[in-house]
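K.L.:
One structure, pasted below without further comment.
The values are calculated or read from the model by the stated rules, or taken from the named source; none is laboratory data. Note that the structure is predicted; figures quoted are calculated from it, not measured. Cβ placement follows ideal geometry from the backbone for every residue including glycine, while neighbour counts extend to all protein chains displayed. Ligands, DNA and RNA are excluded from the accessible area calculation, which covers all protein heavy atoms including side chains. Shrake-Rupley method; radii C 1.70, N 1.55, O 1.52, S 1.80 Å.
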Amino acid sequence: MVTDPTWVWRDCEHCGTPFGQPDDPGRKRRFCSGACRTGAYRARKRRQEQQQRQRHQDDARHRTYEDTGRQRDRARSHQPPPHAGTSRPGTWCGPCGGLRGPHTYHHDDAAHARARRRYEGLRAKAAGTSFPHEADACHAKADAMRDKYGL
């Protein structure tokens, strides 16, 4: 191995074999051959897949642990879950002005306003169409909404 000032010697990052390359401007080679470059790529991908698999297993283990804790806390507190969206527990419906009567769900003002607009739109569409099947479908949907929301 003669040292030449125009050549740079280094060890392959994959197999450790020393190799030389010209001291030209630009990026220097890291591997002695294409086979070593491919081998290093495959080893790196295997490592990444193993790390990702380990991360998923850890996350699943952590989620299971958190879920068990939540279930245990929920069992201790004996409180019903919070009601999401527009439904509320109880027998009183403020927007309807009274007890739960003709409709099953209790809604806030915005939900009643949306239901009223949709109901009126369906009735208008049924009145404005020249197709009897479409008019029947719009009437049926509007009637179902009227029953559900107490409109």
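K.L.:
Output the residue which, of all residues in the range 124-139 that are open to solvent by 90 Å² or more (accessible area, probe 1.4 Å) and part of a helix (DSSP H, G or I), is farthest from Leu151 (Cα to Cα). Working first, answer last.
P.N.:
Step one: of the range 124-139, the residues open to solvent by 90 Å² or more (accessible area, probe 1.4 Å) are 125, 130-131, 133, 136.
Those still in the list that are part of a helix (DSSP H, G or I) too: 125, 133, 136.
On the way: Lys125: 18, His133: 24, Asp136: 19 Å.
Looking at residues that are open to solvent by 90 Å² or more (accessible area, probe 1.4 Å) and part of a helix (DSSP H, G or I), I get His133.
K.L.:
Every residue in the range 40-74 that is open to solvent by less than 90 Å² (accessible area, probe 1.4 Å) and either modelled with pLDDT of 90 or more or on the phi > 0 side of the Ramachandran plot (or both), please.
P.N.:
If the condition is that a residue be open to solvent by less than 90 Å² (accessible area, probe 1.4 Å) and either modelled with pLDDT of 90 or more or on the phi > 0 side of the Ramachandran plot (or both), then Ala40, Ala43, Lys45, Gln48, Gln54 are the ones that fit.
K.L.:
Report whether or not Arg37 is surrounded by 10 or more Cβ atoms within 10 Å (Cβ to Cβ) and modelled with pLDDT under 85. Before you say what the answer is, go through the steps one by one.
P.N.:
Working: surrounded by 10 or more Cβ atoms within 10 Å (Cβ to Cβ): yes; modelled with pLDDT under 85: no.
Answer is no for this residue.
K.L.:
Which residues, counting only those in the range 19-71, are aliphatic (A, V, I, L, M) and touching a Phe, Trp or Tyr at 6+ places or on another chain (Cβ under 8 Å)?
P.N.:
The initial filter retains those residues of the range 19-71 that are aliphatic (A, V, I, L, M), namely 35, 40, 43, 60.
The one that is aliphatic (A, V, I, L, M) and touching a Phe, Trp or Tyr at 6+ places or on another chain (Cβ under 8 Å): Ala40.
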